[in-house]
Amino acid sequence: MAAPLDKVLARLDRVKPAGKSRWRAQCPVHDGHSLQVTEADDGKVLFKCWGCDAPAAEICRALGLELRDLFPYDPALRSIPSRPRLTAELREQLALDRWLGHICLYDLFLDRPVSDRDLDCAATAFNRLRRYRPHFFDEAARVHRLEVSR
Ligand SMILES: [Zn+2]
């Protein structure tokens, strides 16, 4: 994964160093040699065109980049799946969570004492279920209402 600065400089023309972490280049928007490119300490790239004052988004578009290309790769952000992917391991864990969740709910509905440790485990299980198996809670409500009314 190339650093934002490398991606940007590779696409600019007439690039010249202009101080620490700073370059001068031809502005792709108005074609004058007045684009200032700065690499911030965190690795993101900042644009300032002294000729046309084009916004960063417009400069990116002219370079065939997206705004997000100006920001360093953040593995923590990208590893959040937009839709949860179920691995075999996770499926197994969720089956266990369901089972644990039902036992815990069963005890709670019947007013049986549940230890803090079991509640902790159940809370973790419920959080996972809420994310990956939202139907669990409808199912549980149905099942346990039946169990209790019997
Ligand atoms: Zn410009």
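FYI, it's all coordinate maths here, none of it is from the lab. Because the structure is a prediction, the values reported are computed rather than measured. As a convention, Cβ positions derive from the backbone with ideal geometry for all residues, glycine included, and neighbour counts pool all protein chains shown.
Give me the lysines in straight-line cross-link reach of Lys44: C-alpha distance below 16 Å, same-chain residues under 8 apart excluded.
Here the lysines satisfying the reach criterion relative to Lys44 are Lys7, Lys20.
Can you list the DSSP H helices in the chain whose Cα atoms extend at least 30 Å along the helix axis and whose mean Kyte-Doolittle hydropathy is -1.0 or higher? Intermediate values should be presented prior to the final figure.
Numbers: long enough: 88-109 (31 Å, 0.18).
Taking the DSSP H segments of the chain (at least 30 Å long, mean hydropathy at least -1.0), we get 88-109.
Have a look at the stretch 4-78 and give its Rg and Dmax from the Cα atoms, expressed in angstrom.
Using the Cα atoms of the stretch 4-78, the pair Rg, Dmax is 11.8, 38 Å.
Which aspartates and glutamates, on any chain, are close to Lys16 with Cα under 17 Å apart, when same-chain ones fewer than 8 places away are left out?
Correct list for Lys16: Asp6, Asp31, Glu39.
For all pairs of alpha-carbon atoms in the chain, what percent lies in each bin of width 5 Å, listed from the first bin to the last filled one?
2, 8, 14, 13, 9, 5, 5, 5, 6, 7, 8, 7, 6, 4, 2, 1, 0
Please compute P(r) over all alpha-carbon pairs of the stretch 88-149, binned at 10 Å starting from zero, and give each bin as a whole-number percent.
Over the stretch 88-149, the share of Cα pairs per 10 Å bin runs 23, 54, 22, 1 percent.
Could you line up Thr38, Thr87, Thr124 from fewest to most neighbouring Cβ atoms inside 10 Å? Spell out each step's value before the answer.
Values: Thr38 16, Thr87 9, Thr124 12.
Ascending number of Cβ neighbours within 10 Å: Thr87, Thr124, Thr38.
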